[in-house]
Amino acid sequence: MVEHSYVLNKPTPIVYQRLRILILDAPTNANLHLYVNEMKEFGVAVLVRTCESNYNHNLVLENDISVRDLFFNDGDPPPPEVVTDWLLLVQKSLETNTAIAVHCVAGLGRAPVLACIALVEYGMQPLDAIYFVRERRKGAINRRQLEYLKMYKKQRRRTAKCLGCSSM
């Protein structure tokens with residue numbers, strides 16, 4: 001099988017206040033260097049994989065981007081432990097003023113769902129978050145995931161500091 005060295009679906013930046021998430025489809029060994037360039041340009045410090053990978057992630061690590069696996073089934077909403085781990089990674093990215101990248105197979109289901117969860121946790125209403133992501137990533141989020149997101153309730157407690165604020 002011949003692998004091609006191009007990005008099939010351009011990575012989608014999701015930027016809301018200080019929150020920066022880059023939604024990707026799954027790289028291959030042939031095009032991983034292109035994804036790494038996109039991630040570096042966007043300021044990504046961690047790559048979250050929601051599915052098994054078909055690439056060697058050493059190139060990612062060599063470019064000072066850590067890799068975390070938060071697998072869950074294709075087409076499904078994430079289980080609670082995945083949401084908890086995701087939110088910890090998002091919080092760390094905010095604390096370090098870095099971006100986070102997330103990929104699934106096509107970049108249309110699991111990755112956009114996690115992006116929506118982050119948007120809801122940091123101030124958007126669920127339907128607004130879905131619209132925000134879908135406007136930028138056409139075809140994102142299936143019906144089952146949509147229903148899950150519509151009912152999603154914040155896990156984070158509100159703090160005195162807003163997302164747009166930072167301490168000096």
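Observations on the structure shown:
- Packing-based exposure ordering (other Cβ within 10 Å, fewest first) of T84, T50: T84, T50
- Calculated from the structure at hand, Rg and Dmax of the Cα atoms in Å is found among (1) 16.5, 54; (2) 15.4, 43; (3) 15.2, 54 as (3).
- Counted over the chain, the DSSP beta bridges are approximately 25% antiparallel.
- Under 23 Å, Cα to Cα: Lys pairs in the chain, sequence gap 8 or more or different chains: 8
- Computed from point charges on the beta carbon alone (+1 for Lys and Arg, -1 for Asp and Glu), the dipole magnitude for the chain about its Cα centre is near 820 Debye.
- Helix 126-136 and the longest principal axis of the C-alpha atoms of the chain enclose an angle of approximately 30°.
- Cα-based helix-to-principal-axis angle, 80-95 vs the chain, degrees rounded to 10: 90 degrees
- Fully extended contour minus Cα-Cα distance, from R18 to T96, at 0.36 nm per residue: 27.0 nm
- Amide proton proximity set for V44, modelled H, under 5 Å, gap of 5+: A99
- The mean sequence distance of close C-alpha pairs (under 8 Å, at least 6 residues apart), as a share of the length of the chain, puts its relative contact order at 24 percent.
- Percentage, to the nearest whole number, of Cα pairs in the stretch 66-132 over 20 Å apart: 24 percent
- Remark: relative contact order (the stretch 72-115) = 48 percent; criterion is Cα-Cα distance under 8 angstrom and separation of 6 or more residues.
Where a number appears in this text, it was derived from the coordinates with a stated rule and is not lab data. Note that this is a predicted model, so its numbers are computed, not measured. So basically every Cβ, Gly included, is an ideal-geometry build from the backbone, and we count neighbours across all protein chains shown.
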